[in-house]
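Heads up: the structure comes next, in structure tokens.
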Amino acid sequence: MNIIETKIKDLFILQPKVFGDNRGYFMEAYKQNWFKEHFPHINFIQDNESQSTKGVLRGLHYQVGEFAQTKLVRVIQGEVLDVAVDCRKESPTYRQHVSAILSAENKTQFLIPKGFAHGFLVLSDTAIFSYKVDAPYSPENESGIIWNDPNLNIDWKLKEEEIFLSEKDKELPYFIKK
Ligand SMILES: Cc1cn([C@H]2C[C@H](O)[C@@H](COP(=O)(O)OP(=O)(O)O[C@H]3O[C@H](C)C(=O)[C@H](O)[C@H]3O)O2)c(=O)[nH]c1=O
């Protein structure tokens, strides 16, 4: 697994080794002892999966306090634009974001630490999104940021009329000021 740094500290792109042959491919998508060696503070406890159609935008979400989640995200079918926003008040990259194209084709993974808001937009006809978290779901401790907050200046690639949000996500607030 290759670890690729991003412009934001602690936010990494992971690129697994893929073994292709005339049947298809094999890869170790996750390996606990590799993670323990490189990211000893992370202990994933739950696998999530969602399927969405083109133009669906899920996010930007985060959980707070003891329920804040580290996420290891990847796409197992289709392609998404994945975005992580640094919400760590003390961070020199506070309110900055990194976007990454995750797809079944590139098999790229995104390791998103606690303290980040996360969301993705489906670019393919459908996409299956699979991810690990290290804290349980806690709706009482969930919050987020509206997808098109002008302070974040995220380029979601699709036009607003092509984007579909849940009723909940339509009501998310703008980013809190420092
Ligand atoms: C996240 C989650 C949801 N649910 C239930 C709650 C709802 O009845 C249903 C759909 O939940 P929601 O609309 O919050 O799902 P997403 O919009 O995909 O939320 C996720 O989207 C962005 C991309 C994230 O990074 C978070 O992991 C998560 O917030 O699944 C659970 O039972 N367990 C869970 O861990």
Given the rule -39500 (n - 2.57) for each run of at least 4 DSSP H residues, summed and divided by the residues of the chain, what is its mean residue ellipticity at 222 nm, to the nearest 500 deg cm²/dmol? -1500 deg cm²/dmol
Over all pairs of distinct alpha carbons, what does the Kirkwood formula give as the hydrodynamic radius of the stretch 126-178, in Å? 13.7 Å
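Give me the dipole magnitude in Debye, nearest 20, for the stretch 22-81 about the Cα centre, with unit charges on the beta carbon: positive for Lys and Arg, negative for Asp and Glu. If you can, show how the numbers build up before the last one.
Numbers: 7 positive and 6 negative charges, 36 e Å.
So the dipole magnitude of the stretch 22-81 works out to roughly 180 debye.
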Subtract the Cα-Cα distance of Ser50 and Thr126 from 0.36 nm times their separation in residues, and report this length gain in nm to one decimal. 26.3 nm
If the label point is 7 Å along Cα→Cβ of Leu158, which residues in the stretch 109-123 have backbone nitrogen under 18 Å from it? 118-123
For Asp21 and Ser91, FRET efficiency with R0 = 30 Å and r from the beta-carbon atoms, rounded to 0.05? 0.10
Let me see the P(r) profile for the stretch 31-132: every Cα-Cα distance counted, bins of 10 Å, each bin given as a percent of all pairs. 15, 45, 33, 6
Find the accessible area per residue for the stretch 59-147; the probe is 1.4 Å, ligands and nucleic acids are left out, and the unit is Å². 35 Å²
With a 10 Å radius around each residue's Cβ, average the other Cβ atoms per peptide and rank 3-10, 154-161, 73-80, 94-101, highest first. 73-80, 94-101, 3-10, 154-161
Cross-link reach list, lysines versus Lys89, counting only Cα pairs under 28 Å and skipping chain neighbours closer than eight places: Lys7, Lys9, Lys36, Lys71, Lys114, Lys132, Lys157, Lys168, Lys170, Lys177, Lys178
Solvent-accessible area of Met27, probe 1.4 Å, all protein chains present, reported in Å² to the nearest ten, please. 30 Å²
Just for the Cα atoms in the stretch 68-113, what are the lengths along the principal axes, largest first, rounded to whole Å? 36, 18, 10
Please work out the Cα center distance from the stretch 1-54 to the stretch 83-106, rounded to the nearest Å. 16 Å
Would you please state which residues of the stretch 110-149 a label at Asn43 would reach in this model, taking the label point 7 Å out along Cα→Cβ and a backbone N cut-off of under 14 Å? 134-136
Label zone at Lys7, where the point sits 7 Å out along the Cα-to-Cβ direction: the stretch 115-149 residues whose backbone N lies under 17 Å: 117
Relative contact order of the chain, defined on C-alpha pairs under 8 angstrom at six or more residues apart (%): 29 percent
So what are the three principal axis dimensions of the chain from its Cα atoms, in whole Å, longest to shortest? 50, 37, 29
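The values are calculated or read from the model by the stated rules, or taken from the named source; none is laboratory data. Bear in mind that the values here come from a model prediction, so they are computed numbers and not experimental data. Here Cβ is always computed from backbone atoms with ideal geometry, including for glycine, and neighbour counts include all displayed protein chains. For accessibility, only protein heavy atoms count, side chains too; no ligands or nucleic acids. Shrake-Rupley method; radii C 1.70, N 1.55, O 1.52, S 1.80 Å.
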